[in-house]
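In what follows, a single structure is set out as structure tokens and then discussed.
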Amino acid sequence: MPALHWQVAAALVAAAVAGSLIGPQPDFIAGCTFVGKIFLNALKMVVVPLIVAAIISGLSSVADAGGLGRMGLKTLGYYLGTGLLAIVVGLLFINLLSPGIIDGKPAGPSIGLAQDTQAVVGKIEDKGAGEFLKVFELMFPPNIIEAAADGQMLGLICFSLLFGAFIMKLPEKAATVQRQFWSGLYDVMTGMTRLIMMFAPIGVFGLVSPIIAQTGWAAAGPLAKFVAAVLLALSTHMFITLPLVLRFVARVSPLAHFRAMWPAITTAFSTSSSAATLPVTIQCMEDKAGVPKSVTSFVLPIGTTVNTDGSALYEGAVVMFIAQCYGIDLSFGAQFLIVSTALLTAIGVAGIPSASLVAIAVILGAVGLPLEGIGLVLAVDRVLDMCRTSVNVFGDSCCAVTVARLEGEDGVLGEPSLRASRQA
């Protein structure tokens, strides 16, 4: 959605100018806050049906593509493993650089966060290491509807995974009906989300203007540091973690793979859409990397839905950044909850423009942090969206190469099959 990038950029400039010129006028701040709240409420409105439909229809598409056989298990195992590594890398850089801390103090008060820190701490007291097992308890709520209403998304996600898995065990006719229903619901929710994101420039103006009006440019420092931390984390995953997988698991040259994927990477960066880049990714993999169609037609479409290393990394980083702004030192149990929820929600909302905003709302609710923190990162979300989409697409291609090599395919990136290499 390139046009939306420019609209959001224009909204940011307008918010900066309006906030600076008008200043902390109560009527101006109240009006902008109302607009921003409507935008955030609209995002929250689509969270539950979107994630449920996305996960269930995603598992159904795996079944349609040939089931969870040998190639399917390798594909999903790769996606879960690299997604976990990506989130850990993101949390590592946020903990190291601490962008939410200014001169040893939380940045929240100086950048206009309205929630009282003590009230926020009270919400996450039960997320401590001593309550670590409650994370698993949340995965199986006694009332799934009540859990959804209370924002306990981890239980809803697990229920959706189980539901999607058992669709595969239905007779073919009943399974087809279920797949068509959930696929249709997913398309509807995707359309609604796209509609909401069309109003992102207005929402950005409403969320950013009050911050600048009340604090001036005090938010620029923490945001710049946050952007640096995220870019370092994304670069580490893309240029170190994934190449190591290519070298030591797939046994191919990472440089050769980068050369083959360059057109798809640049397309992903310019469009911020894994789905829109999919045809280019397939062409690069088949024509330049030598991955057979039998692998690309299975791995890459599924990757567009479930493999979002960059998005998962970003979601975990945002939540940690917001926690730092409130001066909250999240325990191991809370950070584990962030990791697990980010991994699952990244699967659930992939392929939708600015999907990470929806996922971040879910994770903030799971940990007990206020949703208003999203307003902090909206100002830089579009630029980082372009970068994390490139990582998502590159991760998909790495999976295609890795699975093809593990399946014994010959000629991938000019290399003989792994079996032939071992014999040689």
Fill in: Looking only at segment 298-342, and only at residues there that are of a type in the set (S, T, Y) and either over 28 Å from A275 (Cα atoms) or without any contact (Cβ under 8 Å) to a residue 12 or more places away in the chain (or both), the one that is most open to solvent (accessible area, probe 1.4 Å)
S331
Discussion item. I need the full set of residues from segment 290-299 which are assigned to a helix (DSSP H, G or I) and hydrophobic (A, V, I, L, M, F, W, C), in order please.
Written reply: V295, F298, V299
Discussion item. Being surrounded by fewer than 22 Cβ atoms within 10 Å (Cβ to Cβ) and either not charged (D, E, K, R) or not in a helix (DSSP H, G or I) (or both): is that true of L255 here?
Written reply: yes
Response to the item:
Going through segment 299-329 in order, the residues found to be at pLDDT below 75 and hydrophobic (A, V, I, L, M, F, W, C) are I302, V306
Worksheet entry | Qualifying positions in segment 268-296 - without any contact (Cβ under 8 Å) to a residue 40 or more places away in the chain and not charged (D, E, K, R) | A276, L278, P279, V280, I282, Q283, S294
Worksheet item: Among the residues of segment 403-410, is there at least one that is in a helix (DSSP H, G or I), at pLDDT 85 or above and open to solvent by 40 Å² or more (accessible area, probe 1.4 Å)?
Response: yes
Response to the item:
For Q214, the lone unmet condition from (1) surrounded by fewer than 21 Cβ atoms within 10 Å (Cβ to Cβ); (2) at pLDDT 85 or above is (2)
Fill in: Leading residue by the ranking (modelled with the highest pLDDT) among those in segment 332-353 that are under 14 Å from M189 (Cβ atoms) and small (G, A, S)
G348
Practice prompt. Report yes if G164 is modelled with pLDDT under 75, open to solvent by less than 70 Å² (accessible area, probe 1.4 Å) and not hydrophobic (A, V, I, L, M, F, W, C), otherwise no.
Written response: no
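Tally up the residues in segment 258-289 that are outside any helix (DSSP H, G or I) and within 11 Å of S390 (Cα to Cα), please.
The qualifying residues number 2.
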Worksheet item: Does at least one position in segment 367-385 carry a residue that is touching a Phe, Trp or Tyr at 6+ places or on another chain (Cβ under 7 Å) and within 24 Å of Y79 (Cα to Cα)?
Response: yes
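Scanning for something of a type outside the set (F, W, Y) and either modelled with pLDDT of 75 or more or closer than 20 Å to Y314 by Cβ (or both), does segment 13-21 turn up at least one residue?
no
The values are calculated or read from the model by the stated rules, or taken from the named source; none is laboratory data. Values in this document were obtained by computation on a predicted structure and should not be read as measured data. Cβ sites come from the backbone with ideal geometry, for glycine too, and all protein chains shown count toward neighbours. For the accessible areas, the whole protein counts, side chains as well, though only heavy atoms, and no ligand, DNA or RNA atoms are used. Shrake-Rupley method; radii C 1.70, N 1.55, O 1.52, S 1.80 Å.
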